[in-house]
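So the structure is just underneath, and the comments pick up after that.
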Amino acid sequence: MGGIVYRKVEGDTVHLIIVSKDITRHRVEGGVLVHVENWLCPIETAELLYREQDEWSLGGEPYRSVVTRWKEKHEARNRGARTES
């Protein structure tokens, strides 16, 4: 099962949101999987991740850093495209 994995740690509890062909949320407590939510709504998931950017990580990096880098990269690309026209 490939996909993008977002991770949030709260003490002994780890939350994972896995985005693949569908979106699932897993809760692990003390190393034991205790709950799985299937078929999460993409819009609601995006809103949750946006609201809690400082609490989630993506690839071991804070999610806010990933979002900021992505925005800066695409803004620079868009500025370059406008000046070439």
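The values are calculated or read from the model by the stated rules, or taken from the named source; none is laboratory data. Quick caveat: nothing in here was measured; it's all calculated off a predicted structure. Glycine also receives a Cβ, built like all others from the backbone with ideal geometry; neighbour counts cover every protein chain displayed. The area values use the complete protein model at the heavy-atom level, side chains included, leaving out ligands, DNA and RNA. Shrake-Rupley method; radii C 1.70, N 1.55, O 1.52, S 1.80 Å.
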Item to complete: From the list 74, 35, 15, pick out the single residue that is over 14 Å from the mean Cα position of the chain (by Cα) and either surrounded by 14 or more Cβ atoms within 10 Å (Cβ to Cβ) or modelled with pLDDT of 95 or more (or both).
Response: 35
Worksheet item: Taking the stretch 56-70 as the region of interest, how many residues are modelled with pLDDT of 95 or more and touching a helix residue (DSSP H, G or I) at 6+ places or on another chain (Cβ under 8 Å)?
Response: 4
Practice prompt. State the number of residues belonging to the stretch 59-71 that are over 16 Å from residue 15 (Cα atoms) and open to solvent by 40 Å² or more (accessible area, probe 1.4 Å).
Written response: 6
Fill in: Restricting the stretch 3-12 to residues that are out of contact with any Leu (no Cβ under 7 Å at 6 or more places or on another chain) and of a type outside the set (A, V, I, L, M), the residue that is surrounded by the fewest Cβ atoms within 10 Å (Cβ to Cβ)
11
Worksheet item: Taking the stretch 21-32 only, how many residues are under 16 Å from the mean Cα position of the chain (by Cα) and modelled with pLDDT of 95 or more?
Response: 6
Worksheet item: Does the stretch 46-58 include one or more residues that are polar (S, T, N, Q) and either within 21 Å of residue 22 (Cα to Cα) or surrounded by 14 or more Cβ atoms within 10 Å (Cβ to Cβ) (or both)?
Response: yes
